[in-house]
1. Could you check residue 145 against (1) over 30 Å from residue 217 (Cβ atoms); (2) surrounded by 15 or more Cβ atoms within 10 Å (Cβ to Cβ) and say which number it fails?
2. Could you check the stretch 116-130 and list, in sequence order, the residues that are closer than 20 Å to residue 80 by Cβ and surrounded by 16 or more Cβ atoms within 10 Å (Cβ to Cβ)?
3. Would you mind telling me which numbered condition in (1) closer than 21 Å to residue 158 by Cα; (2) away from the ligand (no atom under 16 Å from the Cβ) residue 272 fails?
4. Among the residues of the stretch 214-250 satisfying the criterion of being open to solvent by 70 Å² or more (accessible area, probe 1.4 Å) and in a loop (DSSP other than H, G, I, E, B), which is modelled with the lowest pLDDT?
5. Are there helices (runs of 4 or more DSSP H) fully within the stretch 1-115 with at least 2 residues that are touching a Lys or Arg at 6+ places or on another chain (Cβ under 9 Å)? List them.
6. Could you check the stretch 194-213 and list, in sequence order, the residues that are part of a strand (DSSP E or B) and within 14 Å of the ligand (Cβ to nearest atom)?
7. Among the residues of the stretch 147-184, which ones are of a type in the set (A, V, I, L, M, F, W, C) and within 14 Å of the ligand (Cβ to nearest atom)?
8. Against the definition (open to solvent by less than 60 Å² (accessible area, probe 1.4 Å), within 16 Å of the ligand (Cβ to nearest atom), touching a Gly at 6+ places or on another chain (Cβ under 8 Å) and in contact (Cβ under 8 Å) with a residue 12 or more places away in the chain), how does residue 73 come out, yes or no?
Amino acid sequence: MNRADFASLGFGVGLRRPHYSHVLQARPKMDWFEAISENFMVDGGRPLEVLEGVRNNYPIVLHGVSLSIGSADPLNRDYLRKLAALARRFEPAWISDHLCWTGIGGRNVHDLLPLPYTEEAVSHVASRVRQVQEMLGRHILLENVSSYLTFAHSTLSEWEFLSAVAEEADCAILLDINNIYVSAFNHGFEAERYLEAVPAERVVQFHLAGHSDHGSYLLDTHDHPVCEAVWALYEKAVRRFGPAATLIEWDDHIPDFATLAAAADQARRRGEACAPAVDTRGLEALSDDA
Ligand SMILES: [Fe+2]
């Protein structure tokens, strides 16, 4: 894959049900929207009408939560056929999902579970990503998840695992800055080490979100504004990787659209203030700031 083949979308927000009417009727200023793929993998009705209306006015990307790329179950071909059909209809700038597993034995636990970070898991996931990319006819983005446990038999760090999967699968990376921050706190690693290790030429998108502080651990709840520490980490990420499409995620206690739009504007201001003046998308231009 080549990072330059992916569009420079700018700054967007997740498309959420409470805002459907406002987005369709008022057509608020927004660079792009990220739609949860599964919400639109239906045969017809209101959801598809909404997505069609949004797509007529904005670029979109499709972001999935059920690919379960790390599972030991066979790939869900029916799911992938539906996803491919959705992509054919709405022509998203790209398709993303998470580097995790969400079920086993045909059961979906509706949670994004971390994998053991081993060479065996790298090969397993990478071969599945290649199959998915073949079925979809495009490179996908994989997102790092937040986690609350690690496997005793892991032999790689999380950033080594993510990087190895992306390299072996030849896929792109959606770097969730809040997830890095949450996992760094929960597991006691330096978030900056994560940023330094991920291959810059594969980072196509950032996620920003709010989390909950439970004292001894952080929980990735997506129900708060982005905190200052995550904004600071985002700025480091932009210095390291250069400008990339940035999205505000907010999934619970969803505020009015103006609040979301203000967060996207803040990402634009903070991102543009520390990004290289010219978007060369070249590593040479970024390495001085890394
Ligand atoms: Fe995310």
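The values are calculated or read from the model by the stated rules, or taken from the named source; none is laboratory data. A quick note: this is a predicted structure, and the numbers were derived from the prediction, not measured. Glycine gets a Cβ as well: all are built from the backbone with ideal geometry, and neighbour counts include every protein chain shown. For the accessible areas, the whole protein counts, side chains as well, though only heavy atoms, and no ligand, DNA or RNA atoms are used. Shrake-Rupley method; radii C 1.70, N 1.55, O 1.52, S 1.80 Å.
1. (1)
2. 124, 125, 126, 128, 129
3. Every condition holds for residue 272 apart from (1).
4. Step by step, filter the stretch 214-250, then rank; the result is 224.
5. Per the criteria, 46-57, 77-90.
6. 203, 204, 205, 206, 207, 208
7. 162, 173, 174, 175, 177, 180, 182, listed by residue number.
8. no
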